[in-house]
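To start, the structure under review is shown below, and the notes come after it.
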Amino acid sequence: MVNPSLPWQGHFGEKLPEIEKLAQDHSPALERRTPAPLTKAKPKKSKEAGQHSVGGGQLCVTPACEEAEQAQADMEAWCRATLSRVPEADAETKEAAELRRQKMEEEMQQADYVEPETPELSPRAASRPGWEEDPGSGDGENSPKAAGSKKRLARTSSMRTNAAATGREDEKYGLPKLQDRLDQIQNTYFGKADLMDEATVQRMRMVFNRFRNASGNEIMQDDLGSAVEFLGYVVTSEEELVTVAGQVTSFKEMDFNEFLEFMEKYSARQFERLKSLFHAFDADGSGEIEVAELRRLLLSLGIVVVRQMIEEALDVVDVDGNGQLNFEEFIYFMTVYNHTEGFTKEEVERMFNIYSGFVADSVKLKRGQHLQCDDLADALVAVFGLHAEPHALRICHKLCNNPAGGKRNTGTNEGLSFHEFLIFARGVRQAEQAEYKREFHKFDQDGSGNINASELRSVLHALGYRPMRQVMKEVLEEVDFEQDAELDFEEFFHFMLVFKQRDGFNKEELKDLERVFRKFDKDQSDNINVHELGDMLRYLGFSVGIDHLYMLLAQVDVNRNGTLDCNEFLRLMRLHRESELKRLYDIFVLRGGQETIQSSELLAAMQDYLGKDAPKPEQLKDMVKSETLDFEDFAHLADAARWNKVVAERRMAGFSAMEIASLEEMFRHYDKDSSGDIDSVEVQELLRDFGLRLRTRQERQEVLDQLNEARQLAAEAGIERDVQKDNAMITFWELVQLVRLVKTHRAKVKEEESRQALQAISFSTQEIDDFRSVFLSWAKHGGVSISDEGALGQKVSLHETAAKKRDTEDLDGEEPGLTQSLLQKLLRSLNLTVNQTAKQQLDSRVSKVQLTEKNEISFVGFLQLMRWMLDTNFAGINMAAQKAAAASQERLFKEQLSH
């Protein structure tokens, strides 16, 4: 099975007996299919000068031979750099490999093993620029070989220092250390280490096991593409995979040895393509490429180009800082670039937080210490957003199912390490790049390889975005390096990365939203809970009930910790903004047309948008300076009109007009002297009725803090105090703010009690969110879904969500509860048959769960019931749930694939 024309295959020879043993331990089928053992002859020096014998033959040192050896050395180095990217073997495997290595060394020493002599200057070294052979120099301290080795060692040492200085946290992420990988290149490319050492063989086995048959120990040839992509290659031709596989075996399956040989041969082909491209992009033939050429080279290889990642990699490998790379440095560059699968340090940190959130759920449910395979799609969507959901579903489907439609060998006890998660995330980014490229070429009508600003807007619309002029202008200034108002594809891809990182907001909007987040992150934890989110949205003009707040939080809580960080909050606002822009565009087309709207139609359009809160005709006249407006001008006008309404109503603290009327009646009750304020005597009764105790110094201070906060909020809402009334403790609008603060505080206390109860119930965060949606749809709507879209995460419109408070004017009213009759209807909707015995069991269990003040089943009680039903398989609920979940997943997968 060894191709004599590829002498580098001999590197497998020394390790093959161990490899065969490893494979045979796990594959009975190897008895009929194991390849013949490979052998590798030890080189020995010939008596004739300048000649070296291998197995009795002679090795020439002609220029052609030197060039062949140079190509061979480069090929080996590139393959090592590529294969070393595979996730590292576990600690037990490493320890076993180290023990075997030590045993081998001891055996060689006992056999008086002598290291073969090395030529004075190898053909590989002789071919390097500036390393001319000095016949008299030999292998001495001042020989070109020694000088070159020192130079390379110094360069690698500098790279190690640079890598350490970049602040990488490889150990935290479970990745191999970048410094060790640089040493590996040094030891293999310039030293004598084997291409396939034991650790690499074990990493290759991990990939083999990930894609092998569920019922055997072989990998289908149809799965080779997935395995090759997993290793970091870009599959450009299925025919090439078939051709290389045919050189290894005539069967449709491969055992582990054959898989190693396949990867050997496929790497050789890929290497030749890589080297040809490198020389093709070396336009001046200098043996080096510049950064601009490097970006185009990476794109031609199908590698996702991220400029910040290029800069991070160059900071490590470009030791002399000249911005140019020769082929050897390029191999180092690829090692650094691909160390984290092409993701920047900032991206890796964010992805690790998301990964950790899913793992925490897995640990809580005792499913394992890694990301579960069936959670992969959700985790990828959490990283890339809803636009990437079709790509994430395809990748998850490919992981869990083979091309024939059968299930892979991914049991519930298996999971994905963070490194594997990065690999699959790389797959999503590559799929996004392919999607962007299709749309880019579709709108590059003249075939120039560039698009202008007008074409750029069309591309973004086709991808589902509705960008505003200011956003496009700011991002274009960053990515259009030639400043020619045109983008090539690499610049366009960078545009998309920056655009998505900012969630489609311009810099000023980002600053405003981040300022709002910091304002309500009172404990400076960089996270806000559901109640702080409610305060924040009220400040922005959206009064949303607590039930819908939970649902909004669930849509963007990507790390599943029950709170929102600033990035998650920005994503929530982006989803809302996209929904609002669509709504405004529909109004724009209705009242105007596709391109413009007349000023005479603006009043009707504003009434469509804001209803009775639309600006008056005279106000609108002052706001409009032109007879016609395009959509973007119309959107800015609508935003300004809505914001004026928000500021005017901020004093209401999110209460409705009916609630404000009730508060006015309350205020008159405590304002005994009808002075328009509550003095220090009158306030005592108010505080007592509110349950604000004043027994201790700490309680008095807490009450004073709340009063001061209420005054501050009223002042921010534009309420001016009468400074002449020294005895006034609280005015009406300050009372409104105080009531809101008290309600929020009580809700937080109740939330903490519920959180502690939920910890005792073994449901994941996602399951709790799904159950909440079901509970609310039955408790408040009799089984009708409260999500217009039918699935969480598909759409966020705070305007529409806030409008749904019509079901209860009091946003913090009675806790929703589920009656027993509604519970039985819910169970019947799942096609469960509840006989008399089962009904008695259910009634008995309901009496033991948490109930509301009205003696109805609370949400926590509902979860307690669900846990009991699933654990006892009440009325066959497990089978019904599995069928419903499978049907839902299959329907969602088909819908996404059809888009």
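The values are calculated or read from the model by the stated rules, or taken from the named source; none is laboratory data. Given the structure is predicted, the values throughout are model-derived calculations rather than measurements. Every residue, glycine among them, receives a Cβ derived from its backbone with ideal geometry; neighbour counts consider all protein chains shown. Keep in mind that these areas ignore ligands, DNA and RNA; they rest on the heavy atoms of the full protein, side chains included. Shrake-Rupley method; radii C 1.70, N 1.55, O 1.52, S 1.80 Å.
Quick look at the values:
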| quantity | calculated |
| --- | --- |
| So Leu533, is it of a type in the set (A, V, I, L, M, F, W, C), under 17 Å from Arg574 (Cβ atoms) and open to solvent by 20 Å² or more (accessible area, probe 1.4 Å) | no |
| Complete set of residues in segment 660-679 that are of a type outside the set (Gly, Ala, Ser) and open to solvent by 20 Å² or more (accessible area, probe 1.4 Å) | Glu664, Glu665, Met666, Arg668, His669, Lys672, Asp673, Asp679 |
| Contacts under 8 angstrom Cβ, first residue in segment 285-299 being small (Gly, Ala, Ser), partner at pLDDT below 85 and loosely packed, with under 14 Cβ neighbours inside 10 Å, 6 or more apart | Gly287/Pro129 |
| Selection within segment 504-519 - in contact (Cβ under 8 Å) with a residue 40 or more places away in the chain and open to solvent by less than 70 Å² (accessible area, probe 1.4 Å) | Gly504, Phe505, Leu510, Leu513, Phe517 |
| Any hit, segment 552-566, residues being over 22 Å from the mean Cα position of the chain (by Cα), under 27 Å from Leu758 (Cβ atoms) and open to solvent by 10 Å² or more (accessible area, probe 1.4 Å) | no |
| Long-range neighbours under 6 Å by Cβ, at least six apart or interchain, first residue within 19 Å of Phe667 (Cα to Cα) within segment 680-709, second at pLDDT 80 or above and surrounded by 11 or more Cβ atoms within 10 Å (Cβ to Cβ) | Ser680/Met729; Glu682/Tyr670; Glu682/Lys672; Val683/Met729; Leu686/Tyr670; Phe690/Val742; Leu692/Val703; Gln706/Leu741 |
| Scope segment 274-301; condition open to solvent by less than 20 Å² (accessible area, probe 1.4 Å) and within 12 Å of Glu490 (Cα to Cα); matching residues | Leu294, Leu297, Leu298 |
| Among the residues listed as Glu649, Glu682, the single one being of a type in the set (Asp, Glu), buried (at least 16 other Cβ atoms within 10 Å of the Cβ) and under 45 Å from the mean Cα position of the chain (by Cα) | Glu649 |
| Residue among Leu823, Leu738 that alone is crowded, with 17+ Cβ neighbours inside 10 Å, at pLDDT 75 or above and within 30 Å of Glu702 (Cα to Cα) | Leu738 |
| Residues of segment 687-707 satisfying the condition of being in a helix (DSSP H, G or I) and either more than 12 Å from Ile730 (Cβ to Cβ) or under 42 Å from the mean Cα position of the chain (by Cα) (or both) | Arg688, Asp689, Arg697, Gln698, Glu699, Arg700, Gln701, Glu702, Asp705, Gln706 |
| Test: residue in segment 303-322 that is under 25 Å from Ala425 (Cβ atoms), part of a loop (DSSP other than H, G, I, E, B) and open to solvent by 20 Å² or more (accessible area, probe 1.4 Å) | yes |
| Meets criteria (over 25 Å from Ser579 (Cα atoms), buried (at least 19 other Cβ atoms within 10 Å of the Cβ), among the aromatic types (Phe, Trp, Tyr) and under 25 Å from the mean Cα position of the chain (by Cα)) for Phe499 | no |
| Filter result for the condition that a residue is open to solvent by 40 Å² or more (accessible area, probe 1.4 Å), out of contact with any strand residue (DSSP E or B) (no Cβ under 6 Å at 6 or more places or on another chain) and modelled with pLDDT under 80, over Gly405, Gly411 | Gly405 |
| Residues (open to solvent by less than 30 Å² (accessible area, probe 1.4 Å) and either assigned to a helix (DSSP H, G or I) or under 22 Å from Ala640 (Cα atoms) (or both)) located in segment 542-551 | Phe542, Ser543, Val544, Asp547, Leu549, Met551 |
| Residues of segment 763-778 classified as touching a residue at least 60 places away in the same chain (Cβ under 8 Å), part of a helix (DSSP H, G or I) and either hydrophobic (A, V, I, L, M, F, W, C) or crowded, with 17+ Cβ neighbours inside 10 Å (or both), total | 8 |
| Single match in Ala604, Ala614 (criterion: touching a Lys or Arg at 6+ places or on another chain (Cβ under 9 Å), within 22 Å of Gly718 (Cβ to Cβ), aliphatic (A, V, I, L, M) and open to solvent by less than 40 Å² (accessible area, probe 1.4 Å)) | Ala614 |
